[in-house]
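Quick notes on the structure that follows.
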Amino acid sequence: MNMITSHQVLSQGLFAADNNEMTRFEQWNENVSNVLGWAYGHSLGWVLIFALMGGGIYFTVVTKAMQITMFGHMFTTIFGSRRDARDGISSFQAFAIGLADRVGTGNIAGVALAIVGGGPGAIFWMWVVALIGMATGFIESTLGQIFKIKNVDGTYRGGPAFYIERGLGSRLWGAIFAVLLIFAYGVAFQMIQANTMAQVLGESFGIKSWVSAVILLLLTVPFFLGGIRPVARTAEFIAPVMAVAYLVLTIIVIAVYYQQVPVIFGWIFAYAFGVKTAAAGTIGGILVALEQGVKRGLFSNEAGMGSVPNAAATATVTHPVKQGLVQSMGVFVDTIVVCTCTAFIILLSGIYNPTIDPKNIPDSDNGAALTTSSIATIGDWAQPMLVIIILVFGYSTILGNYAYAEGNVKYLLGVKNKGIGLAILVGGAVFLGAILSLKAVWAVADWATGLMAVVNLVAITILGKWALGALADYKEQLKTKAPEDIYFCSTDNPYLPGKLDTEVWNLATVQADVRADAQAQNRPHDNAPLLERLIDSE
């Protein structure tokens, strides 16, 4: 059983062009991609699946299933998150950056291929992975906040590279993680998204690839040069809007085929447990559905991969747990909402049927094309709308990827680095990705992200006690205070496992933040809700 990896999804997927004749360069790309893909699928790929699943279960246990017990509170945190920002990046903007990166073309192409490869039961296991992954996402994003540092412009930077160095005392492994992420998210994945968008523009509107490359440069480079603030403002708007638009499309499909909804749910649960299967008997059917669903869920929501904490750390919040909760909800939105939308569009349309041999299903090897042809069954108007959503998903992912890479460049070169070199590098990757087919680069990117995830999982398992301490502190304050009145102070905090070396959460900084917030809200400082030890210390 081979893995559905990012380069396979996108090389098989989005409106792939015919290759009747391959140049020597294309043949080389194909050969290298096949070798690396096979090696990944039979080694690191499976190690990563078990590590991510095991980590999710472990963090679910030690957090006492926070993704369930605090699920309702997550919504309160998200909708109130814009008040904390002051002059920095708001919690909601950081959430949008993470959502922009998570929700991409893979949510459309990848889910379709997972259904074809694993049957409707893959969706059930995708849901399971998302639910346990919410705990992992909480831990790593909370750690990103705890160990973040402040930039000269008042914004923040952080992520695995930072908490590996500051929490584990290893600059070397922090640098290794940063290099892997910069290559994967700053170069390879930018080329993938640009290539996908260029193919969509070509197939849908007849636009030449070099024209698409120029358009993408004009749309992205100004944001790259502007730094994290314009990226945050843009992501804050387009990522949620496109997710909602996709949800609306799905609701229309459900309304049209509402009589089939019970049948679809029956398929999902029956095929998940091998009650109905077309592959290798009951056990074989369960394993196929489990494999495809787990992989799609893990590589879509990125929980534990070490990417999203880079966005989480940029947020200006009064308590690290607030951003952990917000980013945990991001896992839910990506997989439970967006990926499920794709699944329902395909399963309800009638184009796909689990009782039919996939070889006899149109576009069964082309995930995005299968999704777009499925949406077209409700009307010709729907397909162009989905194409636009795909394009915006790809564009928002490019912005989210850049935000991650920029934070790690600053880790390596210092927070004063303006990122001009990175902007040029990423701009070049976007341009080349739009005009070239580089499957070998995509295959290497799978290895880079896989190694990233392994390093990150080891780190958050060791450092998880800090996130758990912050969670205990937050819950204790929540008993008597409204969320907006909760502040985190690391100085003499009894819930933390030790002394935290930080200028962000120390006593003096928190006192200054409380005064600033009290003044901004036009209320007397002496009435501002504070931790008792902060009041006593003044």
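The values are calculated or read from the model by the stated rules, or taken from the named source; none is laboratory data. Because the structure is a prediction, the values reported are computed rather than measured. Positions of Cβ are backbone-derived with ideal geometry, glycine not excepted, and every protein chain shown enters the neighbour counts. When the accessible area is computed, the model is the full protein with side chains, heavy atoms only, and any ligands, DNA or RNA have been set aside. Shrake-Rupley method; radii C 1.70, N 1.55, O 1.52, S 1.80 Å.
Rundown of residues vs (1) in a helix (DSSP H, G or I); (2) among the polar types (S, T, N, Q); (3) more than 20 Å from the chain's Cα centre (by Cα), yes/no style:
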| residue | (1), (2), (3) |
| --- | --- |
| A39 | yes, no, yes |
| I49 | yes, no, no |
| M53 | yes, no, no |
| I57 | yes, no, no |
| T60 | yes, yes, no |
| G72 | yes, no, yes |
| F75 | yes, no, no |
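Restricting attention to the stretch 268-296, the residues that are at pLDDT below 55, assigned to a loop (DSSP other than H, G, I, E, B) and either small (G, A, S) or within 20 Å of I336 (Cβ to Cβ) (or both) total 3. Exactly one residue among I486, I460 is open to solvent by less than 30 Å² (accessible area, probe 1.4 Å) and within 19 Å of the chain's Cα centre (by Cα), and that residue is I460.
Taking each residue of the stretch 105-133 that is within 11 Å of L298 (Cα to Cα) and looking for partners that are part of a loop (DSSP other than H, G, I, E, B) with beta-carbon atoms closer than 6 Å, six or more apart or interchain, yields G133/A303.
Identify the residue in the stretch 310-353 that is of a type in the set (A, V, I, L, M) and assigned to a loop (DSSP other than H, G, I, E, B) and, among all such residues, is nearest to the chain's Cα centre (by Cα). The residue in question is A313.
Can you pull out the helices (runs of 4 or more DSSP H) entirely within the stretch 436-538 that have at least 3 residues that are farther than 21 Å from G158 by Cβ, modelled with pLDDT of 85 or more and out of contact with any Asp or Glu (no Cβ under 6 Å at 6 or more places or on another chain)? Spell out how you get there, then give the answer.
Working: elements: 439-478, 507-520, 532-537.
Output list reads 439-478.
Checked against the criteria, G154 does not count as surrounded by fewer than 16 Cβ atoms within 10 Å (Cβ to Cβ), at positive phi, free of Cβ contacts under 8 Å to residues at least 24 places away in the same chain and not charged (D, E, K, R).
Yes or no, residue by residue, for (1) closer than 16 Å to L413 by Cα; (2) open to solvent by 10 Å² or more (accessible area, probe 1.4 Å); (3) of a type in the set (D, E):
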| site | (1), (2), (3) |
| --- | --- |
| I139 | no, no, no |
| L143 | no, no, no |
| I149 | yes, yes, no |
| G167 | no, yes, no |
| W173 | yes, yes, no |
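Taking each residue of the stretch 328-344 that is in contact (Cβ under 8 Å) with a residue 24 or more places away in the chain and looking for partners that are not in a helix (DSSP H, G or I) with beta-carbon atoms closer than 7 Å, six or more apart or interchain, yields V331/A303; D334/V103; V338/V103.
The conditions of being modelled with pLDDT of 70 or more and touching a Ser or Thr at 6+ places or on another chain (Cβ under 8 Å) are not met by F71.
Is it the case that the stretch 49-58 has a residue that's modelled with pLDDT under 70 and open to solvent by less than 40 Å² (accessible area, probe 1.4 Å)?
Scanning the stretch 49-58, I find no residue that is modelled with pLDDT under 70 and open to solvent by less than 40 Å² (accessible area, probe 1.4 Å), so the answer is no.
Out of G119, G206, G169, one residue alone is out of contact with any helix residue (DSSP H, G or I) (no Cβ under 9 Å at 6 or more places or on another chain) and more than 27 Å from A470 (Cβ to Cβ). It is G206.
Rundown of residues vs (1) crowded, with 24+ Cβ neighbours inside 10 Å; (2) closer than 30 Å to I375 by Cβ, yes/no style:
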position	(1), (2)
G400	yes, yes
E406	yes, no
F431	no, no
A434	yes, yes
W447	no, no
A453	yes, no
N456	yes, no
A467	yes, no
T491	no, no
